[in-house]
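Encoded as structure tokens, the structure appears first; notes follow it.
Please treat every number below as a calculation from the coordinates, not as lab data. Predicted, not measured: the structure shown is a model, and the values here were computed from it. Heads up, the Cβs are rebuilt from the backbone with ideal geometry, glycines too, and the neighbour counts pull from every protein chain shown.
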Amino acid sequence: MRTQVGIVGAGPAGLMLSHLLHLEGIETVVLEARSRKHIEERIRAGLLEQGTVDLMVETGVGERMKRQGLVHHGIELRFGGRGHRIDLSGLTGGKTVTIYAQHEVIKDLIGARRAAGCQIVFEAEDVSVHNFDGSAPGIRFRESGKVTELACDFIAGCDGFHGVCRPTIPTGALTTYDRIYPFAWLGILAEARPSSDELIYAYHEHGFALHSMRSAEITRLYLQCAPDEDLNKWPDGKIWDELQLRLAAGQGWKLNQGAILQKGITEMRSFVVEPMQFGSLFLAGDAAHIVPPTGAKGLNLAVADVRVLARALADYYATGSRELLARYSETCLRRVWKVQRFSWWMTSMLHRFADENAFDQRRQLAELDYVTSSRAAAQSLAENYVGLPME
Ligand code: FAD
Ligand code: DHB
């Protein structure tokens, strides 16, 4: 079996890369460890930056998102008993963000890839990558018990944080930078009408809370909790009480409640590996970096990486030049580090830390006050939130 670019992982990074390369006339095969059903139902992120939305529309996979996505022009920061709106559009020359669930993006991309005849192997077992420092890169995998060797020109490691590609790169070739936060998020999806038209990020004495949504009938909510939180200690009633308390911020505001459809814990870490390439193996998305979820950057960052990679591969196949490929990691990392900074900053401003003292709390409140009262500070938040330029 042979292809031009072998892609490991059918998350947003792998599928978008396959789609972008197809538009450049480049053939790919995508290998995914899980079933199609599993990845089309997996509840994850839900907020798309302006650049991600534009890319989906421009490349013909944005039809359903344009119909079903919820366009947001602002967000609210709640603290000290009051809400403060950040006018994202007014501060960024009309840019917006769109609420559209990650698994819906996945469905749209799989639909488009399949319609174009792309081979996506679901439930690929024992995937391993070889010879990427030499001239004959290849991927070995098992499908329904049968071992297949896929020969390719390049390998794209889009297999997420726990994938096989990054660990296969020789030790010593990569430097990792990371930070683990002393808290996690307990997230729920509920059959309840959103209680506000916009997202609410709340800073409360008990910890952070976030009100988001998926549609006019479905709310998505998150609570700061302990990193090793036991979900069994959170019966539905306790989750609703805590969300109501933190989000109301002492006002008469009422949170709409409903049946909880899904519950989960998301760990919080910042992680970057440098460089994001080795020989003909290129890492993209969560395989190369993780951000804490505050600000919803993970999916968007994965899309930004593969846009750079697709352009570099297209240039190579058109001209034979490896110049853009050689600069792939350097190009991505400039944006990656700015997004890391923003996600760390939003996280640090809005969460309670176990080791904090009264000074830290006052400083956080001053930061929130500054961001919501200075146009310059609000504009900086807005510019990052709607998404920095792709390249
Ligand atoms: P992934 O989406 O992880 O895709 C990698 C794919 O590779 C997966 O389908 C995986 O099954 C496959 N794979 C792994 N190993 C192998 C292998 N050995 N062989 C073949 N295939 C393999 N971000 C936010 O901004 N906001 C959020 O609220 C948010 N919530 C999240 C909740 C959870 C539980 C998780 C895990 C992530 C969340 N994220 C969130 C992060 C966001 O979803 C990711 O940043 C995004 O999915 C990155 O896309 P990716 O394609 O790089 O990786
Ligand atoms: C969502 C997740 C986030 O991390 C965020 O900052 C905003 C929205 C969401 O899942 O809707």
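First obtain the Kirkwood hydrodynamic radius of the chain from its Cα pairs, then insert it into the Stokes-Einstein equation at 25 °C and 0.890 mPa s, and state the resulting D in µm² per second as a whole number. Write out the running numbers ahead of the final one.
Working: Rh = 21.8 Å.
Estimated via Stokes-Einstein, D reaches 112 µm²/s.
What is the helix-to-structure angle for 358-373, meaning the angle in degrees between its Cα long axis and the longest Cα principal axis of the chain, kept from 0 to 90 and rounded to the nearest 10?
Tilt of helix 358-373: around 80 degrees.
Rounded to whole Å, give me the distance from the Cα center of segment 156-218 to that of segment 253-328.
13
Any number yet on Rg/Rh for segment 246-391, C-alpha, Kirkwood?
On the way: Rg = 19.5 Å, Rh = 18.1 Å.
On the Cα set of segment 246-391, Rg over Rh gives 1.08.
Are there trypsin sites (Lys or Arg not before Pro) in segment 198-276 that DSSP puts in a loop and that have at most 14 other Cβ atoms within 10 Å, and which ones? Present the calculation step by step, with values, prior to reporting the outcome.
On the way: sites: ARG214, ARG220, LYS233, LYS238, ARG246, LYS254, LYS263, ARG269; in loops: ARG214, LYS254.
For trypsin sites (Lys or Arg not before Pro) across segment 198-276 that sit outside H, G, I, E and B with at most 14 neighbouring Cβ atoms in 10 Å, the list reads LYS254.
At q = 0.15, 0.24, 0.26 Å⁻¹, work out log10 I(q)/I(0) for segment 190-244 with the Debye formula, treating every Cα as an identical point scatterer and leaving solvent out; two decimals please.
Log10 of I(q)/I(0), two decimals: -0.45, -1.04, -1.14.
Loop-only check: which GluC sites (Glu not before Pro) in segment 91-156 are DSSP coil with at most 10 other Cβ within 10 angstrom?
Passing sites in segment 91-156 do not exist.
Going by average Cβ density within 10 Å per residue, which order do the peptides 272-280, 153-161, 176-184 take, highest to lowest? Before the final figure, lay out the partial values.
Working: 272-280: 20.3, 153-161: 24.8, 176-184: 14.7.
The most tightly packed comes first, giving 153-161, 272-280, 176-184.
Over the chain, what is the relative contact order in whole percent, taking alpha-carbon pairs under 8 Å and six or more residues apart? Before the final figure, lay out each step's value.
Numbers: 794 pairs, mean separation 80.9, N = 391.
That works out to 21 percent.
Which angle between 0 and 90 degrees, to the nearest 10, do you get for helix 102-115 versus the longest principal axis of the chain when only C-alpha atoms count?
30
Below 8 Å, C-alpha to C-alpha, sequence gap of six or more: please give me the relative contact order for segment 72-189 in percent. Could you put the intermediate results ahead of the total?
Numbers: 103 pairs, mean separation 14.3, N = 118.
Taking the mean separation of contacting Cα pairs over the length of segment 72-189, I get 12 percent.
Short version: ³J(HN,Hα) in whole Hz for each residue of segment 324-339, in order, from phi by Karplus 6.51 cos²θ - 1.76 cosθ + 1.60 (θ = phi - 60°), x for Gly and Pro, what are they?
Computed from phi, the couplings for segment 324-339 are 5, 4, 5, 9, 3, 4, 4, 5, 5, 5, 4, 6, 3, 5, 5, 6 Hz.
Compute the distribution of all C-alpha to C-alpha distances in segment 93-195, in bins of 5 Å from 0, and list the percent of pairs in each, rounded to whole numbers.
The distribution over segment 93-195 is 2, 7, 11, 15, 15, 14, 13, 11, 6, 3, 1, 0, given as percents.
Top mean-square fluctuation among ALA151, ALA216, ALA248, Gaussian network model of the chain, C-alpha springs under 10 Å?
ALA216
Out of THR331, THR319, THR96, any idea which swings most in a Gaussian network model of the chain, alpha carbons joined below 10 Å?
THR319
Compute the relative contact order of segment 200-283 as a whole-number percentage, counting only Cα pairs closer than 8 Å that sit 6 or more residues apart in sequence. Write down the numbers at each step before the final one.
Numbers: 71 pairs, mean separation 20.2, N = 84.
Relative CO of segment 200-283 lands at 24 percent.
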